[in-house]
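Student: Encoded as structure tokens, here's the structure I'll be asking about.
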Amino acid sequence: MNTLTLSNRDARRIFLDRHLLSETPQGPAHGAQLQRLIERLGFVQLDSINTVARAHDLILFSRRPRYRPNALKTLYERDGALFEHWTHDAAVIPMGYYPYWEMRRKRDAKTLRKRYKNWHQHDFESQFQKVLDQIREQGPVCSADVGKDEKRSKSGWWDWHPSKTALEYLWRAGALHVIGRDGFQKRYDLTERVLDEHLCDPAQAPDEAKTIDWCCSGALDRLGFATHAELAAFWAHITPAEARAWVGREIAAGQLEPVEITGADGTTRSAFARPGIADDRALQTPPTQRLRVLSPFDPALRDRKRAERLFGFKYRIEMFVPEPKRIYGYYVFPVLQGDSIIARVDMKAFRDRDTLVVRALWPEPGTRWSKGKQNAFEAELARLTHLAGVSNVAFDDDWLKGPSA
């Protein structure tokens, strides 16, 4: 039997469909509807940078422009419909998935002891009981509420003192639960005091085999096609070896088939997909032409190498690059239209001036910045002002860069 080869256009359509970027961005964005959106994505990465809006807010806004940050805060902190933990980074995750994090919590409990000792170079383990007792007696705490007289890490890594490190470890290992954030500071409480008993009981959690199956199956549902390494990286719970073994079992059972994925440069790469992907509904549905600005941490762009293969879009965050060596800017947003990433834009909301300022825009190679694209871009900026909390849009002089300028 011949291996199916997906064209680059078809691969993009499936990928964008799974990331909810093919459909017109519209519809309710609070309560059960917002919960369903996050379930479809799997999780939403949290990030504190707020040049225009925080990453998690822009991720949701780009799919539902009626979204406002209070809707996520309500779902997370008041309704308890989400919990916070790690995938590849800190994220909010549907509470129904909590049992599948038990394996991650056990693995974190083992690996983080050594890692935190190396990073922070202090005895954080001696603070475990003190921190737990304080929370039990006084209620939820932020890191500023513990270890007030303690010295900071000698290594300078994140500038954590022992009790702050203990908080993070106890959270990652499962004894503590983050119940929300003040500003962007996590608030910790005892897990047993926050969650239902059946969620707190490790004995009722899925075993490793079921967790690995859930992770791989759920990752494939949200990627459309993937290598075993991409499956492992999606939730960042399991190893590539565990994902490879799962792929082997699923192929033997007829639940997976090999496919070749054509990249933007015309080369192909082997991956795996569910049987019948050649008839996937996404292949018959052109993505919306609605232009939208994406977060640099959007799920569709998190895997930079995959985005480069599929879209020919090479991207890196330059906030850690010294300013004279930056190619674009501190925090630059990708711009999506149809099935192409057409530009990247450096912009910032100056809330004291009530203005969203576009400082520079670079069309991607092969993209002509036409009047139609400019009109679509300005319409997106007008929508973004509602999320950014400003009323006006302005453009710096010489903001349009490159050959389209």
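Student: Just name the residue that is nearest to Leu223 (Cα to Cα) out of those in segment 1-27 that are among the hydrophobic types (A, V, I, L, M, F, W, C), part of a helix (DSSP H, G or I) and out of contact with any Asp or Glu (no Cβ under 8 Å at 6 or more places or on another chain).
Tutor: Among those that are among the hydrophobic types (A, V, I, L, M, F, W, C), part of a helix (DSSP H, G or I) and out of contact with any Asp or Glu (no Cβ under 8 Å at 6 or more places or on another chain), it is Phe15.
Student: Sticking with this structure for a sec: Would you check which residues across segment 336-362 are under 20 Å from Leu310 (Cα atoms), part of a strand (DSSP E or B) and among the small types (Gly, Ala, Ser) and list them?
Tutor: Listed by number, the residues that qualify are Ser340, Ala343.
Student: Assess whether Arg309 counts as being within 30 Å of Ser7 (Cβ to Cβ), in a helix (DSSP H, G or I), basic (Lys, Arg) and open to solvent by 30 Å² or more (accessible area, probe 1.4 Å). Let's see the steps before the verdict.
Tutor: Details: within 30 Å of Ser7 (Cβ to Cβ): yes; in a helix (DSSP H, G or I): yes; basic (Lys, Arg): yes; open to solvent by 30 Å² or more (accessible area, probe 1.4 Å): yes.
Here the answer is yes, as Arg309 does meet what is asked.
Student: So, one more: For segment 204-217, state whether one or more residues are among the aliphatic types (A, V, I, L, M), touching an Asp or Glu at 6+ places or on another chain (Cβ under 6 Å), within 30 Å of Ser22 (Cα to Cα) and in a helix (DSSP H, G or I). Lay out the reasoning, then the answer.
Tutor: Applying the first criterion (among the aliphatic types (A, V, I, L, M)) to segment 204-217 yields 205, 209, 212.
Retained after the next criterion (residues that are touching an Asp or Glu at 6+ places or on another chain (Cβ under 6 Å)): 205, 212.
Pick out the ones that are also within 30 Å of Ser22 (Cα to Cα) and you get 212.
With the extra rule that they be in a helix (DSSP H, G or I), the set shrinks to 212.
So far as segment 204-217 goes, yes, one or more of its residues are among the aliphatic types (A, V, I, L, M), touching an Asp or Glu at 6+ places or on another chain (Cβ under 6 Å), within 30 Å of Ser22 (Cα to Cα) and in a helix (DSSP H, G or I).
Student: Considering segment 230-261 alone, what residues qualify as being open to solvent by 50 Å² or more (accessible area, probe 1.4 Å) and of a type in the set (Gly, Ala, Ser)?
Tutor: Here is the first cut: in segment 230-261, the ones open to solvent by 50 Å² or more (accessible area, probe 1.4 Å) are 239-241, 244, 249, 251-253, 255, 258.
Matches in segment 230-261: Ala241, Ala252, Ala253.
Student: While we're looking at this one, here's another question. Taking segment 117-140 as the search range and keeping residues that are charged (D, E, K, R) and either open to solvent by less than 60 Å² (accessible area, probe 1.4 Å) or outside any helix (DSSP H, G or I) (or both), which one is farthest from Thr87 (Cα to Cα)? Break it down into steps so the answer makes sense when it comes.
Tutor: Taking segment 117-140 as the starting set, the residues that turn out to be charged (D, E, K, R) are 117, 123, 125, 130, 133, 136-137.
From the residues that got through so far, the ones that are either open to solvent by less than 60 Å² (accessible area, probe 1.4 Å) or outside any helix (DSSP H, G or I) (or both) too are 123, 125, 133.
Details: Asp123: 26, Glu125: 24, Asp133: 29 Å.
So the residue we want is Asp133.
Student: Residue pairs, Cβ under 8 Å, 6 or more apart or interchain, first in segment 1-22 and without any contact (Cβ under 8 Å) to a residue 60 or more places away in the chain, second outside any loop (DSSP other than H, G, I, E, B) and open to solvent by less than 30 Å² (accessible area, probe 1.4 Å). List them.
Tutor: Leu20/Leu37; Leu20/Leu41
Student: Moving on. Testing Asp57 on (1) crowded, with 19+ Cβ neighbours inside 10 Å; (2) of a type in the set (D, E, K, R); (3) within 23 Å of Leu283 (Cα to Cα), one condition comes back false. Which one is that?
Tutor: (3)
Student: Kindly indicate the residue of segment 293-306 that is outside any loop (DSSP other than H, G, I, E, B) and in contact (Cβ under 8 Å) with a residue 24 or more places away in the chain and also surrounded by the most Cβ atoms within 10 Å (Cβ to Cβ) among those meeting that condition. Talk me through it step by step, then tell me what you get.
Tutor: Just the residues of segment 293-306 that are outside any loop (DSSP other than H, G, I, E, B), to begin with: 293, 304-306.
Checking which are in contact (Cβ under 8 Å) with a residue 24 or more places away in the chain leaves us with 293, 306.
Working: Val293: 24, Arg306: 20.
So the residue we want is Val293.
Student: Specify the residue that is surrounded by the most Cβ atoms within 10 Å (Cβ to Cβ); the eligible residues are those in segment 317-354 that are touching a Gly at 6+ places or on another chain (Cβ under 8 Å) and not hydrophobic (A, V, I, L, M, F, W, C).
Tutor: Within segment 317-354, the match that is surrounded by the most Cβ atoms within 10 Å (Cβ to Cβ) is Asp346.
The values are calculated or read from the model by the stated rules, or taken from the named source; none is laboratory data. Note that the coordinates shown come from a computational prediction; the quantities given were computed from them, not determined experimentally. Here Cβ is always computed from backbone atoms with ideal geometry, including for glycine, and neighbour counts include all displayed protein chains. Note: areas computed on protein heavy atoms with side chains; ligands, DNA, RNA excluded. Shrake-Rupley method; radii C 1.70, N 1.55, O 1.52, S 1.80 Å.
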